[in-house]
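Participant: Okay, handing you the structure first.
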Amino acid sequence: MEELSTTDFMAKLVALCKRRGIIFQSSDLYGGINGFWDYGPNGVPLKRAVEQAWWKNMVEDRDNVEGLDSTIICHPEVWRASGHIEQFSDTMTDCLECKKRYRVDQLEQPGVCPSCGSTKLTEPREFNLMMKTFVGPVFDEEHAAYLRAETCQPIFVDFNLVRIATRQKLPFGIAQTGKAFRNEINPRFFTFRSREFTQMEMEFFCRDSESMEWFEYWRQERWNFYTQTLGIPENKLRLHWHEKLAHYAKAAVDIEFEFPFGWSEIEGIHHRGTWDMSRHCEFSRQEQDCKVFDQDTKESFFPTVVETSCGLDRICLMLLCNAYDEDTAETKKLDQDEDLRVVLRLPARYAPVQIAVLPLSKKLEAPAIEVRKGLQQKYRTAYDDSGSIGKRYRRQDEIGTPFCVTYDFDSQQDQAVTVRDRDSMSQERIPISELDAFLATKI
Ligand code: GAP
């Protein structure tokens, strides 16, 4: 693919995602709402496949991590204990000329509006990112509640219930995936910084003396998830170690991906010390639920927490950026009907459609549907009989379908179909009876 500027690349990706029903702006009919995104019919399978891969890797494949699905709204004290109500804020400034609002730390030139160039900016002010609502029929401060700004706090709150129910002993983890909400001042880069997004977090509870070993273990595990499970090339990923640490933390590192708009965080691995459990102990005054008892010393202590925290939307965006490609020469040579081929080179496991069944003519609908039925239980499939075969290939390429199976007039005689590979565009004749086995080795 020829080099594109960041703006051009992102514009093309955003347009493709809308055109093909992968991701589009929420409330598009009303002009959209900034920082909110809907996943369409071809986005949901991608998002779910990534979430399932994470859940399998972090929970199902391990004996020492348990799952949780907590509510989005918790007791408001949770957010006082976590420090979010007091401290979860960004410093912002308003341009008095064009009325735009910015995060001070994101201004390219301090004191200058990036939009209109004015230097008439307000004094920096703190802006809390928590989204507020009211619980019950009375809309006053007493009934105020917050949409969770991170999924991990309910994990700390439910720590002891999970520990007792599962009879887990330290060290063990609790994981959950779910929505988080932040009133971001400047949502940007498509879904990268949204106001509503999905987090996938795991809090690992251990003794302080072993916490750095676990930190290193999880850092490696999470790196492997991106390179091995998701297939992201190592050279597109890097670690960014935090120099400034919270007073209670021993280490913090981000995994960053090289997005078209620069290296940016997709996951943080944080040593959180005993901060969370001690704060919830202080605010709830339920010491027995926040500490664990040491049989040897006969003393209770706060577990130390090592956290892995990533954003599902950012991972999907990373996969889409990594997969987006355009080719011209190859297209002309092999399919011969359009100049530019847009293709998402997604790994088969995450492609919205894994196999598309395409009858060469509408007359072949019945046997082609039979072929699809044979694949549908095992793979994500689609059926498309409208337009020329070249156009249908293009549509499938644009959503990243790795294999197209064409049923043609010879198929009825030789009981075979043509399998076309998205990346090489090569075509192979495969007997229908061997199709499942053939595709199973590839997907
Ligand atoms: N519990 C720790 C925590 O929430 P964070 O660095 O604020 O840490 C963790 O967020 C991850 O959540 C980030 O690495 C990112 O992938 C995702 N995330 C955070 N804010 C986001 C936003 N506004 N839009 C999309 N994803 C976001």
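Participant: Exactly one condition in (1) over 30 Å from Thr229 (Cβ atoms); (2) part of a loop (DSSP other than H, G, I, E, B); (3) open to solvent by 40 Å² or more (accessible area, probe 1.4 Å) is false for Cys113; which is it?
Facilitator: The number of the failed condition is (3).
Participant: For segment 58-69, which residues satisfy the criterion of being buried (at least 18 other Cβ atoms within 10 Å of the Cβ) and either within 19 Å of the chain's Cα centre (by Cα) or acidic (Asp, Glu) (or both)? Give the derivation first.
Facilitator: Filtering segment 58-69 for residues buried (at least 18 other Cβ atoms within 10 Å of the Cβ) gives 58-59, 65-66, 68.
Residues satisfying the conditions are Met58, Val59, Glu66, Leu68.
Participant: Given the options Glu66, Glu60, name the one that is in the same structural domain as Glu196 (by TED's automatic domain parsing) and touching a helix residue (DSSP H, G or I) at 6+ places or on another chain (Cβ under 7 Å). Talk me through it step by step, then tell me what you get.
Facilitator: Values: Glu60 fails: touching a helix residue (DSSP H, G or I) at 6+ places or on another chain (Cβ under 7 Å).
Step by step, each of Glu66, Glu60 is checked, and only Glu66 is in the same structural domain as Glu196 (by TED's automatic domain parsing) and touching a helix residue (DSSP H, G or I) at 6+ places or on another chain (Cβ under 7 Å).
Participant: Could you list, in sequence order, all residues of segment 300-339 that are out of contact with any strand residue (DSSP E or B) (no Cβ under 6 Å at 6 or more places or on another chain) and modelled with pLDDT under 95?
Facilitator: Thr328, Ala329, Glu330, Lys332, Lys333, Leu334, Asp335, Gln336, Asp337, Glu338, Asp339 - these are the residues of segment 300-339 that are out of contact with any strand residue (DSSP E or B) (no Cβ under 6 Å at 6 or more places or on another chain) and modelled with pLDDT under 95.
Participant: Look at Arg219 and say whether it is free of Cβ contacts under 8 Å to residues at least 60 places away in the same chain and either away from the ligand (no atom under 11 Å from the Cβ) or open to solvent by 40 Å² or more (accessible area, probe 1.4 Å) (or both). Walk me through it before giving the result.
Facilitator: Working: free of Cβ contacts under 8 Å to residues at least 60 places away in the same chain: yes; either away from the ligand (no atom under 11 Å from the Cβ) or open to solvent by 40 Å² or more (accessible area, probe 1.4 Å) (or both): yes.
So Arg219 fits the description; yes.
Participant: I need the full set of residues from segment 182-194 which are within 9 Å of the ligand (Cβ to nearest atom), of a type outside the set (Ser, Thr, Tyr) and open to solvent by less than 40 Å² (accessible area, probe 1.4 Å), in order please. It would help to see each step written out before you state the result.
Facilitator: The first filter runs over segment 182-194 and keeps only residues within 9 Å of the ligand (Cβ to nearest atom), leaving 182, 184, 187, 191-194.
So of that shortlist, the ones also of a type outside the set (Ser, Thr, Tyr) come out as 182, 184, 187, 192-193.
If the condition is that a residue be within 9 Å of the ligand (Cβ to nearest atom), of a type outside the set (Ser, Thr, Tyr) and open to solvent by less than 40 Å² (accessible area, probe 1.4 Å), then Glu184, Pro187, Phe192 are the ones that fit.
Listed here are the residues, each with its yes/no results for (1) polar (S, T, N, Q); (2) within 16 Å of the ligand (Cβ to nearest atom).
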residue: Ser284; (1), (2): yes, no
residue: Ser300; (1), (2): yes, no
residue: Val306; (1), (2): no, yes
residue: Leu312; (1), (2): no, yes
residue: Asp325; (1), (2): no, no
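Participant: Does Leu13 fit the bill of being crowded, with 20+ Cβ neighbours inside 10 Å, closer than 19 Å to Thr198 by Cβ and not polar (S, T, N, Q)?
Facilitator: Details: crowded, with 20+ Cβ neighbours inside 10 Å: yes; closer than 19 Å to Thr198 by Cβ: no; not polar (S, T, N, Q): yes.
Criteria not met by Leu13.
Participant: A further question on this structure: Return the residue satisfying two criteria in turn: it lies in segment 149-173 and is open to solvent by 10 Å² or more (accessible area, probe 1.4 Å) and in contact with a Leu (Cβ under 9 Å, 6 or more places away or on another chain), and of such residues it is farthest from the ligand (Cβ to nearest atom).
Facilitator: Result: Arg163.
Participant: Which ones in segment 187-215 are acidic (Asp, Glu) and farther than 22 Å from Val306 by Cα? Full working, then the answer.
Facilitator: Restricting attention to segment 187-215, the residues satisfying the condition of being acidic (Asp, Glu) are 196, 201, 203, 208, 210, 213.
The one that is acidic (Asp, Glu) and farther than 22 Å from Val306 by Cα: Glu196.
Participant: If you don't mind, another one. Can you tell me how many residues within segment 18-63 are of a type in the set (Gly, Ala, Ser) and closer than 14 Å to Tyr350 by Cα? Write out each step before concluding.
Facilitator: Filtering segment 18-63 for residues of a type in the set (Gly, Ala, Ser) gives 21, 26-27, 31-32, 35, 40, 43, 49, 53.
Still in the list and also closer than 14 Å to Tyr350 by Cα: 43, 49, 53.
Qualifying residue count, segment 18-63: 3.
Participant: Also: Filter segment 244-282 down to the residues that are among the small types (Gly, Ala, Ser) and under 19 Å from His84 (Cβ atoms), then identify the one that is nearest to the ligand (Cβ to nearest atom). Working first, answer last.
Facilitator: Of the residues in segment 244-282, the ones among the small types (Gly, Ala, Ser) are 246, 249, 251-252, 262, 264, 268, 273, 278.
Still in the list and also under 19 Å from His84 (Cβ atoms): 246, 249, 252, 268, 273, 278.
Working: Ala246: 11, Ala249: 12, Ala252: 9, Gly268: 4, Gly273: 14, Ser278: 17 Å.
Per the stated criteria, the residue is Gly268.
Participant: Considering every residue within segment 66-81, establish whether at least one is touching a His at 6+ places or on another chain (Cβ under 8 Å) and of a type in the set (Gly, Ala, Ser).
Facilitator: yes
Participant: Which residue is modelled with the lowest pLDDT, if the candidates are limited to segment 70-97 and must be among the small types (Gly, Ala, Ser) and not in a loop (DSSP other than H, G, I, E, B)?
Facilitator: Start the filter on segment 70-97 by keeping residues that are among the small types (Gly, Ala, Ser), which leaves 70, 81-83, 89.
Keeping just the survivors that are not in a loop (DSSP other than H, G, I, E, B) gives 81, 89.
On the way: Ala81: 96, Ser89: 84.
In this case the residue turns out to be Ser89.
Participant: Are any of the residues in segment 39-52 surrounded by 13 or more Cβ atoms within 10 Å (Cβ to Cβ), at pLDDT 95 or above, aromatic (Phe, Trp, Tyr) and not assigned by TED's automatic domain parsing to the domain that holds Phe189?
Facilitator: The answer is no, given that none of the residues of segment 39-52 is surrounded by 13 or more Cβ atoms within 10 Å (Cβ to Cβ), at pLDDT 95 or above, aromatic (Phe, Trp, Tyr) and not assigned by TED's automatic domain parsing to the domain that holds Phe189.
Participant: Do you know which residues across segment 116-131 are open to solvent by 100 Å² or more (accessible area, probe 1.4 Å) and within 23 Å of Ala180 (Cα to Cα)?
Facilitator: To start, the set of residues in segment 116-131 that are open to solvent by 100 Å² or more (accessible area, probe 1.4 Å) comprises 119-120, 123, 125-126.
The one that is open to solvent by 100 Å² or more (accessible area, probe 1.4 Å) and within 23 Å of Ala180 (Cα to Cα): Glu126.
Participant: Would you pick out the residues in segment 155-177 that are more than 12 Å from Gly67 (Cα to Cα) and under 24 Å from the mean Cα position of the chain (by Cα)?
Facilitator: Listed by number, the list holds a single entry, Phe156.
Participant: Residues in segment 197-214: is at least one more than 30 Å from Val104 (Cα to Cα), surrounded by 14 or more Cβ atoms within 10 Å (Cβ to Cβ), among the basic types (Lys, Arg) and touching a residue at least 40 places away in the same chain (Cβ under 8 Å)? Break it down stepwise before answering.
Facilitator: First, the residues of segment 197-214 that are more than 30 Å from Val104 (Cα to Cα): 202-214.
Then keep just the ones that are surrounded by 14 or more Cβ atoms within 10 Å (Cβ to Cβ); that gives 202-208, 210-212, 214.
Now drop any that are not among the basic types (Lys, Arg), which leaves 207.
From the residues that got through so far, the ones that are touching a residue at least 40 places away in the same chain (Cβ under 8 Å) too are 207.
Yes, segment 197-214 contains at least one residue that is more than 30 Å from Val104 (Cα to Cα), surrounded by 14 or more Cβ atoms within 10 Å (Cβ to Cβ), among the basic types (Lys, Arg) and touching a residue at least 40 places away in the same chain (Cβ under 8 Å).
The values are calculated or read from the model by the stated rules, or taken from the named source; none is laboratory data. These numbers were taken from a predicted model, which means no experiment stands behind them. With ideal geometry, Cβ positions are generated from the backbone for all residues, glycine too; neighbour counts draw on all protein chains shown. When the accessible area is computed, the model is the full protein with side chains, heavy atoms only, and any ligands, DNA or RNA have been set aside. Shrake-Rupley method; radii C 1.70, N 1.55, O 1.52, S 1.80 Å.
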